[in-house]
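Everything below concerns the one structure shown next.
What follows draws every value from the coordinates through simple rules; no lab data is involved. Everything numeric here is computed off the predicted structure, so don't read it as measured data. When we count neighbours, we look across all protein chains shown, and the Cβ atoms used for this are built from the backbone with ideal geometry, even at glycine.
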Amino acid sequence: MTYRIVKSKNGVEQIEPALTNKYVLTDDLKLAIGSAPSDDKLPSHASIAELTDSHPGASDRVIMAGYIFRRDGQVYVDNYSGHYQPPHYRLDLIAKHLKSLEIEAVTIRTDTNLDY
C-alpha cells in the first residue's frame, strides 16, 4: 500500500489510474489517500484517517471519505465508505477542497442506504 497526505495538485496527479484509491478528508482539511492494487489490499477508511495525525482518534475528525480515481486525465470522487457512510451532499466538501488545489473533480453519488 502507498499512503500520502495530499497538499498540492501534484499529490493528486500522482494517483495511478490502475490502482484502487481510498481518501479521507479531515476537519482541518488534511486529505489522505491510500492506494493499492485492489480494495482487499487497502486498510479501512478509519485506518487511513489514523495516519493523518500522530494521536489516536484522528478518525473522529473525518468529514468526508470515499474513493478517488483518475481516468483519461479526469479526477473522480465518490462518497462510498462502509465505515463513515458519508451523505452524498458532503461530496461538495471534497470537490471544494480539490478545487482549492486547482483540481476539478467529478463527483459520483453513492447511496448505501437505499430501500429497494
Query raised in the report: Say a paramagnetic label sat at a point 7 Å from the Cα of GLN74, along Cα to Cβ; which residues of region 1-28 have their backbone N under 16 Å from it?
Result: 17
Report task. Could you give the size of the charge dipole of the chain about its Cα centre, using +1 on the Cβ of each K and R and -1 on the Cβ of each D and E, expressed in debye and rounded to the nearest 20? Result -> 260 debye
Report task. Find out how many positive minus negative residues lie around LEU101, taking Lys and Arg as positive, Asp and Glu as negative, among other residues whose Cβ is under 9 Å from that of LEU101. Result -> +2
Query raised in the report: For region 1-61, which semi-axes, largest first and in whole Å, follow from the square roots of 5 times the eigenvalues of its Cα gyration tensor?
Result: 19, 15, 7
Query raised in the report: Which lysines have a Cα lying under 18 Å from the Cα of LYS96, excluding residues fewer than 8 positions away in the same chain?
Result: LYS7, LYS9, LYS22, LYS30
Requested in this report: Using 0.36 nm per residue of separation minus the Cα-Cα distance, give me the extension gain between GLU16 and ASP39 in nm, one decimal.
Outcome: 6.9 nm
Report summary line: Along region 15-22, Karplus-curve 3J(HN,Hα) (6.51, -1.76, 1.60; θ = phi - 60°) to the nearest Hz, with x for Gly and Pro, reads 5, 7, x, 7, 9, 8, 10, 9
Report summary line: Phi angles of region 29-37, converted by Karplus (6.51 cos²θ - 1.76 cosθ + 1.60, θ = phi - 60°) into ³J(HN,Hα) in whole Hz with x for Gly and Pro, give 6, 8, 9, 10, 10, x, 10, 7, x
